[in-house]
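The values are calculated or read from the model by the stated rules, or taken from the named source; none is laboratory data. Being a predicted model, the structure only gives us computed values, none of them experimental. Note that we place each Cβ from the backbone using ideal geometry, even for glycine, and neighbour counts take in every protein chain shown.
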Amino acid sequence: MKINTRIQLSVMMFLEFFIWGSWYVTMGTYLLQTLKATGLQTGAAYAANSIATMISPFLVGMIADRYFSAQKFMGVLHLIGAALLYLATTIHDPKLFFWIILAYSLMYMPTIALSNSVAFRQMQKPDKEFPSVRVWGTIGWIVTGLVMGVISIKGINNIATTSIPFYIAAAASLVLGIFSFTLPPTPPQATGNASMAQILGLDALVLFKDKAYLVFFISAILICIPLSFYYSFANNFLSEAGMENATSKMTLGQMSEAFFMILIPIIFTKWGVKKILLVAMLAWIIRFLFFSFGNMQESVWMLYAGIILHGICYDFFFVTGFIYTETKAGDKVKNAAQGLITFATYGLGMFIGSYLSGIVADYYTVGNKINWPSFWLVPVGVTMVVMVFFLLFFRERSKELKK
């Protein structure tokens, strides 16, 4: 791959995740503290992303793969997204805000698959070249938090309660929308009509004949329920706990994610999928217990440890899960299998979790404050149930996946 192409793709990945990180982390705090939304309305706003994840295969499979160059389609979606993000800053009704975020998410979520398509089509050895390009997405997410921290230092006490993150995301989306038209040409390759089953990746349902994979698949959906508690409410929790520049401090989680991602190939070979997934679930339990019992006065280390555990929580389950899926799928259903597991986790699982976290937040709200110790014990319980289910029923006998 030429150096100019590598730079272009790296900038693309940086901006792609810079945009997402700019508004996604702080939206819960903005809704709860500024728009005075309920917990359920906050959860619904995060569920919009999951709804878009479940719908985006239609856009990519039916339109982008057949009629438009990936880089041009991505550019159009980001330009529309920039306008919607700006519009979100003018909305003060949480109910209307949900529809704007849903419309934006429907524009943004397909661009993740499109950016991957653009990158892969320029690579001769994707397994070796893609990680060094994709890591710039993680860096982009980290930089968003650091930018928020710098702005807070300049005089804004809690930037998460303002519309500034949406302005920043809108500006970055505008830049990426324009930049996308300069990316290497990635013309459509699919021809003919595709069945709805092919578009949705339902060809991969054949994997469910393997009981071990079916148990993993169900566990993956269920584990996304507690994951949603973290994404929807962690920023607001840390801010209320008294952590200054909480948005900036939360980038420690992405730094941890980048570190553990490097270790996954080594650990996967030595431990095998079962041990890695169990360690991930145990990390989720420990993280939420730290949040439940930690505070800024006597046990601030628990709050920071809960953030840093993100690397194990995310990488050990999701990255391992995607590798496991790739290993189990045959050549004919590899793409469909990855699409199906993404649909189930970031789509269905987080959709359920986002709404449930909102319901739990409302249940434990007294006055205008959420009872955080009780709130965080709920995902502890959910994760423990998933862990027991996984222990009882997961029996992986494949030679290539050591136990």
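Of note, Ser69 does not satisfy the criterion of being among the polar types (S, T, N, Q) and either buried (at least 24 other Cβ atoms within 10 Å of the Cβ) or closer than 24 Å to Ala37 by Cα (or both). Do the conditions hold for Leu214, that is, is it more than 25 Å from Ala160 (Cβ to Cβ), under 18 Å from the mean Cα position of the chain (by Cα) and assigned by TED's automatic domain parsing to the domain that holds Arg395? No, not satisfied. Suppose we filter Leu289, Leu309 for residues that are in the same structural domain as Tyr355 (by TED's automatic domain parsing) and more than 19 Å from the chain's Cα centre (by Cα); which single one remains? Answer to the selection: Leu289. Scanning segment 15-32 for residues that are aliphatic (A, V, I, L, M) and in a helix (DSSP H, G or I), we see that the one that is farthest from Thr111 (Cα to Cα) is Leu32.
Take Ile285 and decide whether it is part of a helix (DSSP H, G or I), out of contact with any helix residue (DSSP H, G or I) (no Cβ under 9 Å at 6 or more places or on another chain) and either modelled with pLDDT under 90 or closer than 23 Å to Phe351 by Cβ (or both). For Ile285, the condition - part of a helix (DSSP H, G or I), out of contact with any helix residue (DSSP H, G or I) (no Cβ under 9 Å at 6 or more places or on another chain) and either modelled with pLDDT under 90 or closer than 23 Å to Phe351 by Cβ (or both) - is not met. Only a single item in (1) buried (at least 18 other Cβ atoms within 10 Å of the Cβ); (2) over 25 Å from Ile341 (Cβ atoms) is not met by Gly43, and it is number (2). Can you find a residue in segment 55-75 that is among the hydroxyl-bearing types (Ser, Thr, Tyr), under 21 Å from the mean Cα position of the chain (by Cα), in a helix (DSSP H, G or I) and modelled with pLDDT of 90 or more? Among the residues of segment 55-75, not one is among the hydroxyl-bearing types (Ser, Thr, Tyr), under 21 Å from the mean Cα position of the chain (by Cα), in a helix (DSSP H, G or I) and modelled with pLDDT of 90 or more, which makes the answer no. For segment 358-403, filtered to residues that are of a type in the set (D, E, K, R) and either surrounded by 14 or more Cβ atoms within 10 Å (Cβ to Cβ) or more than 26 Å from Pro265 (Cα to Cα) (or both), the residue that is modelled with the highest pLDDT is Asp362. Look at Leu289 and say whether it is in contact with a Gly (Cβ under 7 Å, 6 or more places away or on another chain) and at negative phi. Considered against the rule, which asks whether it is in contact with a Gly (Cβ under 7 Å, 6 or more places away or on another chain) and at negative phi, Leu289 comes out as no.
Determine whether Phe351 is closer than 24 Å to Ser256 by Cα and either at pLDDT below 95 or not in a helix (DSSP H, G or I) (or both). Taking the combined requirement at face value, the residue does not satisfy it.
Within segment 87-103, the set of residues being assigned to a helix (DSSP H, G or I), touching a Ser or Thr at 6+ places or on another chain (Cβ under 9 Å) and either outside the structural domain of Ser56 (by TED's automatic domain parsing) or not aliphatic (A, V, I, L, M) (or both) comprises just one member, Pro94.
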